[in-house]
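**Q** Please find one structure pasted underneath; my questions will follow.
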Amino acid sequence: MGLAIDREKCTLCGVCVEVCPFSALTNTGDRIEVSEACTLCGQCVKECPEKAISIEEKPQAPAADSAQYRGIWFFAEQRKGALIPATLELLSAALSMKQTLGEEVCGVLFGHQADGLADDLIKRGCEKVYLVDHPSLAEFQDEAYACILTHLVRKYKPGIVLASATMVGRAFIPSVACQLGTGLTADCTGVSIDPETKLLVQTRPTFGGNLMARILCRAHRPQMATVRPKMCDPAPVLPDGKGTVIREEYSSFPVCVSMTSVRRESLEQTVDLQSAEIIVSGGRGLGDGKNFDLLREFADLIGAAVGASRAAVDSGWIAYPHQVGQTGRTVKPKIYIACGISGAIQHLAGMQTSDYIIAINKDPDAPIFKVANLGIVGDIFEILPALMKKIRSAKGG
Amino acid sequence: MRIIVCIKQVPDTIEVKIDPETRRIVREGVKGVLNPFDAYAVEEAVRVKERFGGEATAVTMGPQQAEQVLRDAIAVGIDRGVLLTDRKFVGSDTLATSYALSRAVKKLEPFDLVICGFETLDGSTGQVGPELATHLGLPCIPYVSKILSVDNGRIECRRLLEDHYETLSCPLPAVITVIKEINEPRIPSLRGLLKAKKAEIAVWSAQDVAADERRIGHEGSPTWVVDIWKPVISKEGRVVKGDAEETAEELFRQLKTMGVV
């Protein structure tokens with residue numbers, strides 16, 4: 001088990017040491033040593049010019065009953081009584097996997113007075129909705145959500161369980177996977193079915209999106225993944241969408257809740273960066289916290305949320321929930337407008353997959369221009385007011 | 001209060017270079033550092049200890065050189081470090097990693113609070129904290145931005161979700177994962193650095209923590225990485241220079257084309 005290096009074939013060329021994304025290999029001079037940092041990603045196997053490296057695949061026997069696990073499930077996340085857009089995207093992904101896998105697509109919905117939401121899913125092509133309707137499920141409750149989903153999976157044995165990689169999904173799905181003793185791939189940017197093996201192929205960014213990894217869960221069921229929002233279009237309403245709503249009684253689950261929600265404080269609208277279609281972000285180039293007022297004004301005018309770079313947050317110019325990047329939020333709006341942001345790699349990690357990037361910066365060499373669709377070299381304090389004037393007069397006329 | 005903080009050594013950059021000749025990913029010469037989110041976990045453990053008394057232990061799983069992050073933690077006020085290292089852990093995914101960590105945490109019983117960073121710089125799964133809690137059968141509060149109180153065997157925390165903050169209370173022992181907003185990590189003092197240098201790090205193997213060998217490493221990992229590659233991010237970008245009026249006009253036209261204005 002593990003990485004096997006054929007010492008007969010190995011010429012100690014060191015290519016494997018160079019290419020290892022996890023710095024797990026060392027060339028001692030007479031052999032290549034593998035440390036515990038190895039994740040068996042196979043990069044060295046692929047790159048070794050002598051074909052001296054292989055992964056000793058220990059036989060991971062498929063679960064005896066893996067054939068019993070059938071169906072593509074997705075967790076239908078709702079917020080304040082409405083399905084979030086990411087839920088409809090998941091449904092769309094599940095429906096396209098059905099084309100290859102030929103198994104039924106089922107939604108799992110927790111909420112209160114959520115019949116309308118279940119019907120909506122069915123109109124959009126979902127064949128079954130498992131609905132647990134109870135006042136205490138109206139809003140996200142980590143333990144109850146995890147307990148009920150775990151028990152539903154045990155009862156109905158789906159082959160695949162997907163959830164959105166929202167903060168809710170990423171909070172409770174790990175507990176479900178762990179209780180089921182199965183694998184979970186976080187924050188996938190792509191999920192599909194391998195036409196030959198019928199396995200769920202999970203693609204996800206790692207190293208802040210600078211590397212991509214393809215991941216399989218071969219022997220354990222269900223195969224589970226959280227999927228990043230905005231990776232595909234939401235499933236449309238179909239003219240002939242038909243399906244069944246299966247009600248599951250809340251009281252039939254051994255829900256044991258030890259956490260109590262004391263209060264919830266809404267953030268101002270402009271901070272919901274993940275749902276925003278347009279984000280206007282400010283960085284060090286703003287020079288001062290009060291200059292974020294200009295950005296807010298501009299954002300208001302075009303209906304955008306306000307983001308910020310780490311530098312702006314660390315300078316105390318704007319609150320942390322606005323931060324975009326490796327240690328803040330990862331966003332994918334239709335338009336991302338970076339104002340006075342140089343584009344440090346840690347910032348790019350949080351926004352470089354945005355559909356269209358506009359960057360305004362004084363410095364023509366700023367790295368942000370490398371990822372920008374439209375780069376403007378200039379002074380934001382001159383350009384933004386001029387732009388706002390144009391927008392206002394266009395609106396007025 | 002007995003606090004355990006779980007930390008990880010990660011590469012100091014997420015930058016991935018490609019050798020222009022061989023087209024291979026080059027990772028050589030990348031230094032290992034304390035995962036940035038874990039720095040907030042370490043700092044919070046020290047602050048909880050300062051507020052409520054007690055002691056804090058840092059645990060990491062990784063190769064021998066990962067002991068450096070334990071010393072980094074000791075330098076800022078953590079009392080002791082445990083390095084969980086064993087070749088049998090190679091190939092562990094989040095399920096196997098969280099299981100192995102849970103065995104080490106078990107061995108450190110009794111404890112009141114386990115603090116983890118919300119995710120790591122390299123893998124960014126955010127799964128190990130919640131999975132660790134599940135292995136331990138404990139409640140988990142993810143994304144904590146503030147610990148409000150620790151009292152009468154309960155903890156009250158504020159956490160950040162997409163569109164709101166939620167204040168939650170739960171009984172101890174519990175696991176929390178923390179985000180950047182929670183604190184500003186301190187710089188180690190000279191005395192702290194000296195203490196860290198001299199500190200004895202406990203080194204535990206899979207056997208030392210009575211880990212079931214079928215549940216660790218490659219064998220204990222349901223997920224397998226089958227390929228890794230560098231994505232091509234290509235933007236057909238254009239860069240415009242000019243005075244404010246010209247560039248504003250250019251922007252206006254673009255926003256108009258996209259239906260924004």
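**Q** Checking the condition of a type outside the set (S, T, N, Q), at negative phi and in a helix (DSSP H, G or I), which residue from B:133, B:206, B:211 passes?
**A** Numbers: B:206 fails: in a helix (DSSP H, G or I); B:211 fails: in a helix (DSSP H, G or I).
Criteria check complete, one pass: B:133.
**Q** Same structure again: Going through the range B:73-88 one residue at a time, which ones are within 20 Å of residue B:33 (Cβ to Cβ) and not β-branched (Val, Ile, Thr)?
**A** To start, the set of residues in the range B:73-88 that are within 20 Å of residue B:33 (Cβ to Cβ) comprises B:73-78, B:81-85.
Within the range B:73-88, B:73, B:75, B:77, B:81, B:83, B:84 qualify.
**Q** Residue B:177 - would you say it is modelled with pLDDT of 95 or more, in contact with a Phe, Trp or Tyr (Cβ under 6 Å, 6 or more places away or on another chain) and not in a helix (DSSP H, G or I)?
**A** Here the answer is yes, as residue B:177 does meet what is asked.
**Q** Given the conditions (1) modelled with pLDDT under 95; (2) more than 7 Å from every other protein chain (Cβ to nearest Cβ); (3) in a helix (DSSP H, G or I), report the number of the one that residue B:245 does not fulfil.
**A** It is condition (2) that residue B:245 fails.
**Q** Taking the range A:347-397, which residues are within 18 Å of residue A:310 (Cβ to Cβ), part of a helix (DSSP H, G or I) and at the interface with chain B (Cβ under 8 Å from one of its Cβ atoms)?
**A** Scanning the range A:347-397 gives A:349, A:371.
**Q** Continuing with the same structure: Hey, can you tell me all the residues within the range A:200-227 that are assigned to a strand (DSSP E or B) and either under 14 Å from the mean Cα position of the chain (by Cα) or not assigned by TED's automatic domain parsing to the domain that holds residue A:87 (or both)?
**A** We begin by selecting, within the range A:200-227, every residue assigned to a strand (DSSP E or B); these are A:200-206, A:211-217, A:223-227.
Once the filter is applied, which keeps residues that are assigned to a strand (DSSP E or B) and either under 14 Å from the mean Cα position of the chain (by Cα) or not assigned by TED's automatic domain parsing to the domain that holds residue A:87 (or both), the range A:200-227 yields A:202, A:203, A:204, A:205, A:206, A:212, A:213, A:224, A:225, A:226, A:227.
**Q** Hey, residue B:222 hits all of (1) closer than 30 Å to residue A:307 by Cα; (2) within 7 Å of chain A (Cβ to nearest Cβ) but one; which does it fall short on?
**A** Here residue B:222 meets the rest and fails (1).
**Q** Also, quick follow-up: Could you run through the range A:320-336 and say how many residues are touching a residue at least 12 places away in the same chain (Cβ under 8 Å), within 15 Å of residue B:162 (Cβ to Cβ) and either more than 15 Å from the chain's Cα centre (by Cα) or not assigned by TED's automatic domain parsing to the domain that holds residue A:295 (or both)? Let's see the steps before the verdict.
**A** Step one: filter the range A:320-336 for residues touching a residue at least 12 places away in the same chain (Cβ under 8 Å), giving A:321-336.
Next, from what is left, pick out any that are within 15 Å of residue B:162 (Cβ to Cβ): A:321-324, A:328-333.
Next cut, either more than 15 Å from the chain's Cα centre (by Cα) or not assigned by TED's automatic domain parsing to the domain that holds residue A:295 (or both) only: A:321-323.
Adding up the residues that qualify gives 3.
**Q** When residue A:122 is evaluated against the numbered criteria (1) modelled with pLDDT of 95 or more; (2) crowded, with 22+ Cβ neighbours inside 10 Å, which criterion, by number, is the only one it fails?
**A** That leaves (2) as the condition not met.
**Q** Say whether the condition of being within 20 Å of residue B:248 (Cα to Cα), among the aromatic types (Phe, Trp, Tyr) and modelled with pLDDT of 95 or more is met by at least one residue in the range A:324-337.
**A** Yes, the range A:324-337 contains at least one residue that is within 20 Å of residue B:248 (Cα to Cα), among the aromatic types (Phe, Trp, Tyr) and modelled with pLDDT of 95 or more.
**Q** Those residues that are crowded, with 16+ Cβ neighbours inside 10 Å and aliphatic (A, V, I, L, M), I need them from the range B:202-224; list them, please.
**A** B:202, B:206, B:209, B:211, B:216
**Q** Can you tell me which residues in the range A:262-272 are surrounded by 15 or more Cβ atoms within 10 Å (Cβ to Cβ) and either more than 9 Å from chain B (Cβ to nearest Cβ) or over 30 Å from residue A:292 (Cα atoms) (or both)?
**A** Kept after step one, since they are surrounded by 15 or more Cβ atoms within 10 Å (Cβ to Cβ), are these residues of the range A:262-272: A:267, A:270-272.
Within the range A:262-272, A:270 is the sole residue that qualifies.
**Q** Quickly run through the range A:340-369 and pick out the residues that are of a type outside the set (Gly, Ala, Ser) and either closer than 27 Å to residue A:233 by Cα or not assigned by TED's automatic domain parsing to the domain that holds residue A:323 (or both). Spell out the reasoning first.
**A** Here is the first cut: in the range A:340-369, the ones of a type outside the set (Gly, Ala, Ser) are A:341, A:345-348, A:351-353, A:355-358, A:360-365, A:367-369.
A:347, A:348, A:351, A:352, A:353, A:355, A:356, A:357, A:358 - these are the residues of the range A:340-369 that are of a type outside the set (Gly, Ala, Ser) and either closer than 27 Å to residue A:233 by Cα or not assigned by TED's automatic domain parsing to the domain that holds residue A:323 (or both).
**Q** Quick test of your reading of the structure: residue A:343 fulfils all but one of (1) touching a residue at least 12 places away in the same chain (Cβ under 8 Å); (2) more than 11 Å from chain B (Cβ to nearest Cβ); (3) outside any loop (DSSP other than H, G, I, E, B). Name the failing condition by number.
**A** In the conditions (1) touching a residue at least 12 places away in the same chain (Cβ under 8 Å); (2) more than 11 Å from chain B (Cβ to nearest Cβ); (3) outside any loop (DSSP other than H, G, I, E, B), residue A:343 misses (3) alone.
The values are calculated or read from the model by the stated rules, or taken from the named source; none is laboratory data. Given the structure is predicted, the values throughout are model-derived calculations rather than measurements. Methodologically, a virtual Cβ is constructed for each residue, glycine included, from the backbone with ideal geometry; neighbour enumeration extends over all protein chains shown.
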